[in-house]
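Peer 1: Next up is a structure, given as structure tokens.
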Amino acid sequence: MMEADGHLTTELEQMILLSTQPFNTYWCKVAQEPKMHCLDIGAPTTLSGSYTLSELNGLDNNNPHLHTLFNTSTQNGVILWGQNQQCDEKTVSDGIINVFDVSILMSYIFKEGPYNFTNYDPKEVKTTEGRHDLIDRCDDGQSNTDYITEYINDSCGDMRRRLEEDTIIQSSGRWFDIQSRTSVNTQMAYAEHAYVVSNSREEGTWYSLQTQNVPLSIYIGFDGITSEDVYLNNAVFDVSNTPANTEVRFTRSCEFSNPSTCFSCAELVTVSPDQIVIVDQVLQLRQSPFDRACPLQLHLWVPRTSQQPTCCSMKYLLMNDGIRGAYAQNVSCPDVTEDNESDATLVYAVGGGVLTVSAFNFGTLVYALRSMMIRPF
């Protein structure tokens, strides 16, 4: 159940506060106040089963967002609360508070997508039952990154030790769909992605990320960002721009095919106030309303300073995509060889292979992504 008094604004405030804290802060709060379990309602695999990859690939330029899929697909079996894998025969979530929890609570409040059919009285809504292992995690010294690695390998963690029939699946460091609730030992499928340098010059570097599936919400841990807080800039992305500070921009795929349809796309919303999208090297971003999410690319500008490392890698990425969820681990820095400020060679990994592209401009990047079938535009 949600908070007994039904004060969802209080829950939301707690979620936002905890979302930028070490995971241990939440675990110790649960140890002190077990009712804090009720905050953990969202995971990368929440909303699993909303639609299929084939349905996603069927989107066209006139309907670039997911609204049609959420309206037409059956809602039977869609995971509304927590993760898509039960643990110890309980409905649980991922054991941490971040963008996934905030996104699901906001979707319930505003009755987005399938949450339009849930009870308006939060006291009558059964969400998650809480992970019993969180109390023992309080002050156990585990870092955020180590916990995410553990969760990626096994979404039940210590809870799974009671389930003799389940098997821990080891991560290979690539992108995979997270295992489904109905079949724990299902082979995880490969998911395409591209993380590239789209421009590197004396002033700094633009990094661009695109995923195969549409991110309803996304959570990324970077390595190489020295700025404590990084802002989301809604200005049009221009690869020739050289901002003074680290910032994030985005480009919707419909901008290249049918720009007029972009007006119906979801808004990109940060978890932290004032458009702060990265706190302590962790990016949290969601599309709202999620049933109007559109394919997009994220762009990270990192200025080159004496304190700033020369490359920016991703330690981990968790993404809620409405299909089965996806993750990445240890995504290394994209390689770049500079000839001069305006001409260079771009080398990056796509689907485990290597692709070399000449000339730094986003048009080239989009062409490369199209040719690798990352997402149909």
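Peer 1: Cβ-Cβ under 6 Å, sequence separation 6+ or interchain: first residue in region 284-309 and outside the structural domain of Asn57 (by TED's automatic domain parsing) and over 19 Å from Val230 (Cβ atoms), partner at pLDDT 90 or above and surrounded by fewer than 17 Cβ atoms within 10 Å (Cβ to Cβ). Which pairs?
Peer 2: Partner pairs satisfying both residue conditions: Ser288/Glu267.
Peer 1: Mind checking whether some residue in region 93-106 is assigned by TED's automatic domain parsing to the domain that holds Leu47, among the aliphatic types (A, V, I, L, M) and over 17 Å from the mean Cα position of the chain (by Cα)?
Peer 2: no
Peer 1: What are the residue pairs meeting all of these: first residue in region 210-227, first residue under 20 Å from Asp101 (Cα atoms), second residue at pLDDT 90 or above and basic (Lys, Arg), Cβ atoms under 8 Å, and 6 or more apart or on different chains?
Peer 2: The qualifying pairs are Leu216/Arg286; Ser217/Arg286; Ile218/Arg286; Gly221/Lys315.
Peer 1: If you don't mind, another one. Could you tell me whether region 191-200 includes any residue that is part of a strand (DSSP E or B), out of contact with any helix residue (DSSP H, G or I) (no Cβ under 8 Å at 6 or more places or on another chain), modelled with pLDDT under 85 and within 30 Å of Val248 (Cα to Cα)?
Peer 2: yes
Peer 1: Within region 98-129, track down each residue that is at pLDDT below 90 and at positive phi.
Peer 2: Gly113
Peer 1: Which of the residues spanning region 31-58 are aliphatic (A, V, I, L, M) and buried (at least 22 other Cβ atoms within 10 Å of the Cβ)?
Peer 2: Once the filter is applied, which keeps residues that are aliphatic (A, V, I, L, M) and buried (at least 22 other Cβ atoms within 10 Å of the Cβ), region 31-58 yields Leu39, Ile41, Ala43, Leu47.
Peer 1: If Ile16 passes every condition in (1) closer than 25 Å to Tyr120 by Cα; (2) at pLDDT below 85 but one, which one does it miss?
Peer 2: Condition not satisfied by Ile16: (2).
Peer 1: Could I ask something else about it? Just for strands (runs of 3 or more DSSP E) wholly inside region 248-294: which have at least 2 residues that are in contact with a strand residue (DSSP E or B) (Cβ under 6 Å, 6 or more places away or on another chain) and under 22 Å from Ser198 (Cα atoms)?
Peer 2: The qualifying strands (runs of 3 or more DSSP E) are 276-279, 282-288.
Peer 1: Hand me the list of helices (runs of 4 or more DSSP H) wholly inside region 42-145 holding 1 or more residues that are of a type in the set (Gly, Ala, Ser) and within 26 Å of Trp27 (Cβ to Cβ).
Peer 2: Ranges flagged: 99-109.
Peer 1: Continuing with this model, one more query. Inspect region 40-62 for any residue being over 30 Å from Asn258 (Cβ atoms), outside the structural domain of Ala326 (by TED's automatic domain parsing) and hydrophobic (A, V, I, L, M, F, W, C) and give the result as yes or no.
Peer 2: yes
Peer 1: Checking Leu296 against (1) surrounded by fewer than 24 Cβ atoms within 10 Å (Cβ to Cβ); (2) at pLDDT 85 or above, which test does it fail?
Peer 2: Result: Leu296 fails condition (1) only.
Peer 1: Now, a different point. More than 29 Å from Met106 (Cα to Cα) and either at pLDDT below 85 or touching a His at 6+ places or on another chain (Cβ under 9 Å) (or both), is that true of Gln187?
Peer 2: For Gln187, the condition - more than 29 Å from Met106 (Cα to Cα) and either at pLDDT below 85 or touching a His at 6+ places or on another chain (Cβ under 9 Å) (or both) - is met.
The values are calculated or read from the model by the stated rules, or taken from the named source; none is laboratory data. Quick caveat, the model's predicted, so the values are computed rather than measured. Neighbour counts are summed over all protein chains in view; Cβ atoms, including those assigned to glycine, are modelled from backbone coordinates with ideal geometry.
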